[in-house]
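The values are calculated or read from the model by the stated rules, or taken from the named source; none is laboratory data. None of the values given here were measured: they were computed from a predicted structure. Reconstructed Cβ throughout: ideal geometry from the backbone, glycine too, with neighbour counts over all protein chains shown. Heads up: the accessible areas ignore ligands, DNA and RNA and are worked out on the full protein's heavy atoms, side chains in. Shrake-Rupley method; radii C 1.70, N 1.55, O 1.52, S 1.80 Å.
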Amino acid sequence: MSNSPDLNINNEIIQKINELTELLAKREHIDYAHLDPSQNKSVTLQELEIINQQKEEEIKVLDKAWMNFEEDLFGVVQMSMQEKNQLHTFYMNKHKMEKNRRAGQRSAGVWRA
């Protein structure tokens, strides 16, 4: 059972969650006071361009990771819904079988001539 497709998908999603966690842990917050030219006259255009480029790359990586995670998680939600529907079908079938069995027992015990 350890090689089941569902378990593999779950493990892949767990791995993606771990990767997202690592990305978020590495993410650096911007010190706006340091970068605001009205508050820090020594900030350069080059420094702002470099940080802007880094943020663009960070956004691309995070967005791609999120889209992959979201797609996989949606697939798991769909599988879980299918499983729930199948279980409901099994439940209803068993309920009908039990009802028919009880009805059969009642009718079998009441034979009159």
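Net charge of the neighbourhood of VAL76, taken over other residues with C-beta under 13 Å away and scored Lys/Arg +1, Asp/Glu -1, is -4. Tell me the net charge near HIS88. Cut-off is 15 Å between Cβ atoms, HIS88 excluded, with +1 for each Lys or Arg and -1 for each Asp or Glu. Its environment carries a net charge of +2. Compared with the dominant Cα axis of the chain, that is its longest principal axis, helix 45-108 is turned about 10°.
Surface composition of the chain: carbon and sulfur atoms hold 58% of the protein heavy-atom accessible area at a 1.4 Å probe. For the residues ASP72, ASP36, ASP63, a GNM of the chain with alpha-carbon springs under 10 Å puts the largest fluctuation on ASP36. Take 47-59, 80-92 and order them by the average number of nearby Cβ atoms within 10 Å per residue, most first; the result is 47-59, 80-92.
Rounded to the nearest whole Å², what accessible area per residue is found for segment 1-77 with the 1.4 Å probe? Heavy-atom accessible area per residue stands at 82 Å². Counting lysine pairs in the chain that sit 8 or more residues apart in sequence, or on different chains, and whose Cα atoms lie under 30 Å apart gives 14. Across segment 1-87, C-alpha contacts under 8 Å between residues 6 or more apart give a mean separation that, scaled by the residue count, equals a relative contact order of 41 percent.
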